[in-house]
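The values are calculated or read from the model by the stated rules, or taken from the named source; none is laboratory data. Fair warning: this is a prediction, and the values are worked out from it, not measured in the lab. Please note: Cβ atoms are built from the backbone with ideal geometry, for glycine as well, and neighbour counts cover all protein chains shown. Remember, those area values only see protein heavy atoms, side chains included, never the ligands or the DNA or RNA. Shrake-Rupley method; radii C 1.70, N 1.55, O 1.52, S 1.80 Å.
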Amino acid sequence: MKREIESKIIEEINKGNHILLKGRHGIGKSYLAQAIVRSRKRMKSELWFYSPFCKPPKQIMLSALEFILPTGKDDENWKLYRRGTIIELSQNISAVLKSQKKKLVLVIDELHTISANASSSYHLLMQHSDNVIFFTTATEQYLENKINK
């Protein structure tokens, strides 16, 4: 069953689809997501970045940008990236990915803890880049409570 789920997730990501993996608390969603990240790290056309939390979005996006930049924080534009807005950061991530001809799979755990502000930030990243795929996990009960609010 685990292999089937993993294969389906990879298949959907390869199609460019975003993934929400939800289930009961403690069922192994995070473990599966981390295992997939470890198994896909050597892919040449994909960059897999894992964050155990979905907040704060700017810090997570900066960490993802640092991860995808060949020289990380030593990049000549790093200070500008850090000082930029979420919109500029989204655009910069997109530009770097396009120049590298790669896609970023942003794996974000604990999506059920997301705030409206964080949600808007990630939505901007989705709008600015066709090269970013979101693979998120959430505890079903908490996610449904958040949606009902």
remark   = Sole miss for His25 among (1) in a helix (DSSP H, G or I); (2) open to solvent by 90 Å² or more (accessible area, probe 1.4 Å) is condition (1)
remark   = Cβ pairs under 6 Å, 6+ apart or interchain, first in the range 62-75 and closer than 16 Å to Ile108 by Cα and open to solvent by 20 Å² or more (accessible area, probe 1.4 Å), second outside any helix (DSSP H, G or I) and of a type in the set (A, V, I, L, M, F, W, C), ordered by first then second residue, are Phe67/Phe49
query = So, of the residues in the range 2-19 that are among the hydrophobic types (A, V, I, L, M, F, W, C) and in a helix (DSSP H, G or I), which turns out to be farthest from Ser45 (Cα to Cα)?
reply = Ile5
When residues of the range 113-141 are limited to those that are free of Cβ contacts under 8 Å to residues at least 60 places away in the same chain and not hydrophobic (A, V, I, L, M, F, W, C), the one most open to solvent (accessible area, probe 1.4 Å) = Gln127
Long-range neighbours under 6 Å by Cβ, at least six apart or interchain, first residue within 16 Å of Trp48 (Cβ to Cβ) within the range 18-31, second among the acidic types (Asp, Glu) and crowded, with 16+ Cβ neighbours inside 10 Å = Ser30/Asp109
task = Kindly indicate whether Ala35 is more than 29 Å from Tyr142 (Cα to Cα) and in a helix (DSSP H, G or I).
result = no
